[in-house]
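Presented below is the structure to which this report refers.
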Amino acid sequence: MIKISMHQKCIKCGENYPINQIIYKCKKCGNLLDIVHDIEKLKELNLKELFNKRWKSRQFPFMSGVWRYKEIILPVEDKFIISRPEGNTNLYSSKNLLNYTGCKWLRLKHEGENPTGSFKDRGMTTGVTQANVLGSKVVACASTGNTSASLAAYGKFGGFKVIIFIPEGKIAYGKLSQALAYGGMTFQIRGNFDDAMALVQEASAELNLYLLNSVNAFRLEGQKGIVFELLQQLNWEVPDWLVCPGGNLGNSSAFGKGFKELEELGIISSPPRVAIIQAEGSNPLYLSYKTDFKEHIEVDNPETIATAIKIGKPVNYTKAVRTVRWTNGTVEQVTEQEILDAKAQVDGAGIGAEPASCATVAGIKKLIDTGVIDRKDKVTGILTGNLLKDPDATVNYHMNKIPNIKPTYANKPIVIDANLDALKRALKKSTPEQVQIVK
Ligand SMILES: *Cc1c(COP(=O)(O)O)cnc(C)c1O
Ligand SMILES: [Zn+2]
């Protein structure tokens with residue numbers, strides 16, 4: 001493979017840093033860094049054709065939905081690559097969800113189909129690969145759950161020691177169980193996610209831990225694979241909208257950068273408009289958007305049942321603002337009721353996803369209702385995590401056990417005696433149109 005150079009660059013002051021320097025924020029101005037690729041050199045490679053040739057490849061590392069796009073993600077030697085392999089997630093269309101959202105054309109890409117059940121695996125494969133390139137031995141992150149599940153798996157798979165910081169209490173059970181199962185050393189912080197994030201940043205500097213939160217620019221490179229693969233699944237035809245949830249804003253940041261690079265490479269002529277959806281109780285980007293980003297607003301005590309987006313001080317704020325500007329995008333917020341009803345619809349369509357993912361569908365419905373998205377627009381949405389991640393949210397909704405939430409689409413278990421008569425009686429009462437009784 002030909003050598004393709006990369007370097008790190010501050011998004012604010014433009015200061016450059018070598019690609020293998022361990023650095024997360026600009027030394028001069030404290031802002032976030034980008035990985036910069038040599039676009040002119042990459043143009044010579046005819047990447048679209050190369051990516052198409054690798055589609056459904058069984059060859060390492062190209063069978064991964066991240067490393068298929070290696071040249072524009074992280075062109076390192078194959079021997080360093082730690083891959084499960086991730087990606088290759090399905091794109092779903094559903095009549096039920098067309099009805100629910102009001103769209104005429106909708107595709108949902110299910111990133112919950114990744115090895116540990118969330119899109120975080122796409123960033124983690126590039127993150128731990130870079131840790132490997134750098135010769136780091138210990139990797140660390142703060143997490144609302146899925147990042148720790150992913151880091152624990154990828155870290156252990158790659159032979160690292162893994163240290164995890166999670167907020168006290170409300171971490172979804174599926175995620176906590178993964179972190180413990182894979183053997184991540186897990187610290188439960190007395191405080192919320194933002195407190196855990198502050199601690200891990202301090203600790204990584206002092207204790208020589210390689211930090212794998214999305215402040216790590218190498219992780220965001222891998223997450224671009226979501227939209228590269230999405231576009232490839234659509235034969236590189238660009239939809240009108242891409243809708244995703246926003247928490248720490250790593251994903252939305254990665255999408256903007258990925259689209260920009262595809263544009264510069266001449267693979268697409270313009271990006272889809274990116275809509276970032278937040279929960280009403282955890283909406284710092286939405287509040288800032290409402291001031292036209294003149295004010296950078298943070299939320300002190302974020303609250304939402306969608307724990308993956310329960311973040312009041314998103315570290316990738318500036319990059320997400322860039323995505324909204326570059327793509328003529330938008331930011332919307334949705335209520336807890338809207339998230340959970342959308343989840344019941346996504347689940348009931350036989351697709352299924354965790355609460356934060358369903359903010360995407362709730363957001364699409366809202367943006368159609370308010371006329372921001374036209375019914376005729378082609379809409380794509382990202383489902384970020386697997387249904388099984390948060391069984392409590394699902395069961396409590398259907399059992400009417402969530403305070404102040406109406407279980408609009410409840411599917412309660414029906415208790416009956418163990419005999420056929422009881423069953424027939426119950427069937428007649430509940431869903432006669434769905435179950436035919438022949439005798
Ligand atoms: C991490 C995560 C999010 C939020 O993504 P950001 O990149 O932090 O904005 C949303 N949904 C799920 C399931 C997640 O794991
Ligand atoms: Zn700088």
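The values are calculated or read from the model by the stated rules, or taken from the named source; none is laboratory data. Just so we're clear, the structure is a prediction, and the values are computed from it rather than from any experiment. All Cβ positions, glycine included, derive from the backbone under ideal geometry; neighbour counts span all protein chains shown. Just the protein is used for accessible areas: all its heavy atoms, side chains included, with ligands, DNA and RNA removed. Shrake-Rupley method; radii C 1.70, N 1.55, O 1.52, S 1.80 Å.
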Sort Lys43, Lys376, Lys290 from largest to smallest accessible area, using a 1.4 Å probe on the heavy atoms of the protein chains.
Lys376, Lys290, Lys43
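Relative to the present Cα-Cα distance, how much length would full extension add between Lys406 and Ser57 at 0.36 nm per residue of separation?
Details: separation 349, 0.36 × 349 = 125.64 nm, distance 4.67 nm.
Working it through step by step, the gained length comes to 121.0 nm.
Ordering Tyr173, Tyr289, Tyr24, Tyr17 from largest to smallest accessible area (1.4 angstrom probe), what's the sequence? Intermediate results must be reported in sequence, preceding the final value.
On the way: Tyr173 155, Tyr289 65, Tyr24 40, Tyr17 20 Å².
Putting Tyr173, Tyr289, Tyr24, Tyr17 in descending order of accessible area: Tyr173, Tyr289, Tyr24, Tyr17.
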The chain, Gaussian network, Cα under 10 Å: of Glu221, Glu15, Glu86, the residue fluctuating most is Glu15
Run the reach check for Lys41 against aspartates and glutamates, Cα to Cα strictly under 14 Å, same-chain hits fewer than 8 apart removed. What comes back?
Glu71, Glu261, Glu264
Which of the pairs Lys12/Lys109; Lys224/Lys366; Lys9/Lys224; Lys95/Lys290 have their Cα atoms more than 29 Å apart in this structure?
Lys12/Lys109; Lys95/Lys290
Report the calculated FRET efficiency for Asp417 and Leu180 (r = Cβ-Cβ distance, R0 = 45 Å), to the nearest 0.05.
0.65
Using only Cα atoms, tell me the angle between helix 173-182 and the longest principal axis of the chain; keep it within 0 to 90° and round to the nearest 10.
50
Modelled label-to-label distance, Glu44 and Arg375, 7 Å Cα→beta-carbon offset: nm?
5.2
Selected from Lys70, Lys27, Lys224 as most flexible by GNM, with the chain as the system and alpha-carbon contacts under 10 Å:
Lys27
Cα centroid separation, region 209-263 to region 340-390 (Å)
18
Listed residues Gly87, Asn46, Phe62: farthest to the positive end of the dipole of region 17-95 (Cβ charges):
Gly87
Once you've got the GNM for the chain with C-alpha springs shorter than 10 Å, pick whichever of Leu45, Leu420, Leu383 has the biggest mean-square fluctuation.
Leu420
Going by amide H atoms built from the backbone, whose H comes under 5 Å of the H on Phe187, apart from near neighbours?
Ile164, Phe165, Ile166
Per-residue HN-Hα couplings for region 230-235, Karplus 6.51 cos²θ - 1.76 cosθ + 1.60 at θ = phi - 60°, whole Hz, x for Gly and Pro?
4, 5, 5, 4, 9, 6
Positive-end residue, the chain charge dipole about Cα centroid, Cβ charges, pick of Gly117, Gln233, Leu207:
Gln233
Could you please report the charge total around Tyr154, scoring K, R as +1 and D, E as -1 over all other residues with beta-carbon less than 14 angstrom from its beta-carbon?
+4
From the phi of every residue in region 87-104, what ³J(HN,Hα) in whole Hz does the Karplus formula 6.51 cos²θ - 1.76 cosθ + 1.60 yield, where θ is phi - 60° and glycine or proline is x?
x, 6, 8, 7, 10, 10, 10, 8, 4, 4, 7, 5, 4, 5, 8, x, 6, 9
Accessible area of Thr380 in the full protein assembly, 1.4 Å probe (Å², nearest 10):
0
Set Lys406/Lys429; Lys104/Lys429; Lys161/Lys313 screened for pairs whose C-alpha atoms are more than 26 Å apart:
Lys104/Lys429; Lys161/Lys313
Per the helix-only calculation at 222 nm, which mean residue ellipticity applies to the chain, given -39500 (n - 2.57) for every DSSP H run of n ≥ 4 and division by its residues, nearest 500 deg cm²/dmol?
-11500 deg cm²/dmol
If a/c stays under 1.5 just call it rounded; otherwise compare a/b with b/c (prolate if a/b is bigger, oblate if not). Do that for the chain, with a ≥ b ≥ c from the square roots of the Cα gyration tensor eigenvalues.
prolate
